[in-house]
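Peer 1: Have a look at this one.
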Amino acid sequence: MNETMVTVVGNAASAVETRTTAAGRPMARLRLATTVRRYDEARGGWTDAYTSFYTVWAFRGLAENLAASVGIGEPLVVHGRLRVQQGERDGRRWTSAEIEATSVGHDLARGTSAFTRCGRPVPGSESEANT
């Protein structure tokens with residue numbers, strides 16, 4: 001109930017990696033890069049500032065669809081639960097920002113996309129018995 005939900009717009013900075021959980025469910029991971037742009041009055045135009053990177057995790061059907069739909073460099077909108085972790089390794093402090101995605105889509109402000117609905121088994125059908 002007190003989870004931090006975020007929506008982040010950026011680009012896929014890595015290929016989608018897929019795995020299977022111990023319970024046999026699909027999961028996917030990718031890195032998302034988002035760069036702040038600011039207007040530079042001295043230059044009279046927009047310039048890039050810093051880039052933040054997030055690890056995006058997806059599970060079940062979203063993981064399968066993510067792997068089938070997203071490639072490196074594609075503009076994305078990711079919505080999900082933010083988790084920031086800090087620790088120390090080999091005497092160096094580190095911080096990791098991760099998003100457990102509840103939805104992911106292409107950023108249509110920067111291009112077009114074609115949507116294909118995934119079929120769901122009909123109750124009582126043969127395809128449902130095979131899942």
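Computed from the coordinates by the stated procedures, all read-outs in this text should not be read as laboratory data. Keep in mind it's a predicted model, so treat the numbers as computed, not measured. All Cβ positions, even for glycine, are placed from backbone atoms using ideal geometry, and neighbour counts span all protein chains on display.
Peer 1: Report the extension gain between Ala42 and His79 in nm, rounded to one decimal, defined as 0.36 nm multiplied by the number of residues separating them, less their alpha carbon distance.
Peer 2: 9.8 nm
Peer 1: What number, in nm² with one decimal, is the all-direction average of the projected area of the convex hull of the alpha-carbon atoms of the chain?
Peer 2: Projected over every direction and averaged, the Cα hull of the chain covers 12.7 nm².
Peer 1: In degrees, nearest 10, range 0 to 90: what is the angle between the Cα axis of helix 60-69 and the longest Cα principal axis of the chain?
Peer 2: 60 degrees
Peer 1: By counting other Cβ atoms within 10 Å of each Cβ, how are Asp90, Asp40 ranked from fewest to most?
Peer 2: Asp90, Asp40
Peer 1: Please identify every one of the GluC sites (Glu not before Pro) in the range 1-87 that sits in a loop by DSSP and has no more than 16 other beta carbons within 10 Å of its own beta carbon.
Peer 2: Those that pass, being in a loop and sparsely packed, are Glu3, Glu41.
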